[in-house]
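The values are calculated or read from the model by the stated rules, or taken from the named source; none is laboratory data. All figures in this text were calculated on a predicted structure; none of them were measured in a lab. Here Cβ is always computed from backbone atoms with ideal geometry, including for glycine, and neighbour counts include all displayed protein chains.
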Amino acid sequence: MTDTPPRRRHSPAVYRRRRLVLLLVVLLVIAAVVLAFWRPWEGSAAGAPAPAASSDAGEAPASPPADQPAPAASPSAPQPSSDATPAEVEACSARSVQVSAVTDKDSYGAGELPQLSISLTNSGAEPCLLNVGTATQKLTVSSGPDVWWRSTDCQSESSDQVVQIDPGQTVSSVTPITWDRTRSSVDSCGGERPAAPAGYFNLAVEIGGLAGQQERQFVLR
């Protein structure tokens with residue numbers, strides 16, 4: 001009867017190489033799973049949030065000033081379609097998105113300041129992208145043919161913010177713009193302005209290259 005030769009043990013270097021190979025295999029599996037489920041467009045905005053535009057010279061109010069447009073985004077950020085990718089989502093058009101001028105009241109008593117904002121509704125069948133940053137916004141208050149105030153007259157900074165609006169979704173300005181009931185002009189941003197008289201006024205809006213379909217009328221008492 002012959003004796004069985006003793007089993008030769010591998011050196012510690014061999015075991016280390018085996019453990020390294022096993023670790024690399026595990027890391028490759030984890031990376032494949034992450035890439036399969038990662039969606040770079042999960043979220044409401046394709047750009048960074050728009051910074052607040054500065055107000056007239058010398059003013060530092062706690063709330064946004066009259067000449068500062070606010071990004072049009074809903075209190076709960078708009079969610080993109082789960083199947084959408086950047087290449088598939090098209091820009092919003094006037095055919096699919098309704099732009100509306102909004103005021104917080106129909107009538108304002110003496111000393112009450114109108115709060116102006118913009119509402120967007122996607123009435124189409126597909127999600128779309130729209131730049132709602134301050135660089136694309138324009139709000140205009142007029143009385144008949146007389147233009148009293150424009151949001152762009154004294155706007156010192158502007159920014160871009162692209163949001164995705166899903167079918168049937170309505171998106172509104174997070175923070176309304178306060179009109180101080182004075183006449184604006186590019187030459188009077190740091191000085192006194194004539195006060196608007198009592199009467200009927202109209203708010204017209206434009207955002208992302210899309211104009212509001214209808215003006216919003218309100219009354220100053």
For this session: Answer yes or no as to whether Gln214 is at pLDDT below 95 and within 26 Å of Val132 (Cβ to Cβ).
Result: yes
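Condition (residue is of a type in the set (A, V, I, L, M, F, W, C), closer than 30 Å to Val89 by Cβ and without any contact (Cβ under 8 Å) to a residue 60 or more places away in the chain) applied to segment 154-162: is it met by at least one residue?
no
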Within segment 165-182, is even one residue acidic (Asp, Glu) and closer than 21 Å to Asp104 by Cβ?
-> yes
Picked from segment 165-189 (must be out of contact with any Pro (no Cβ under 8 Å at 6 or more places or on another chain) and β-branched (Val, Ile, Thr)), the residue surrounded by the most Cβ atoms within 10 Å (Cβ to Cβ) is Thr170
Picked from segment 190-214 (must be closer than 14 Å to Leu120 by Cα and either touching a helix residue (DSSP H, G or I) at 6+ places or on another chain (Cβ under 6 Å) or of a type in the set (D, E, K, R) (or both)), the residue surrounded by the most Cβ atoms within 10 Å (Cβ to Cβ) is Ile207
Practice task
Confirm whether Gly111 is closer than 18 Å to Ser173 by Cβ and modelled with pLDDT under 95.
Solution key: no
Of the residues in segment 136-164 that are among the aliphatic types (A, V, I, L, M) and surrounded by fewer than 22 Cβ atoms within 10 Å (Cβ to Cβ), the one that is nearest to Phe218 (Cα to Cα) is Val147
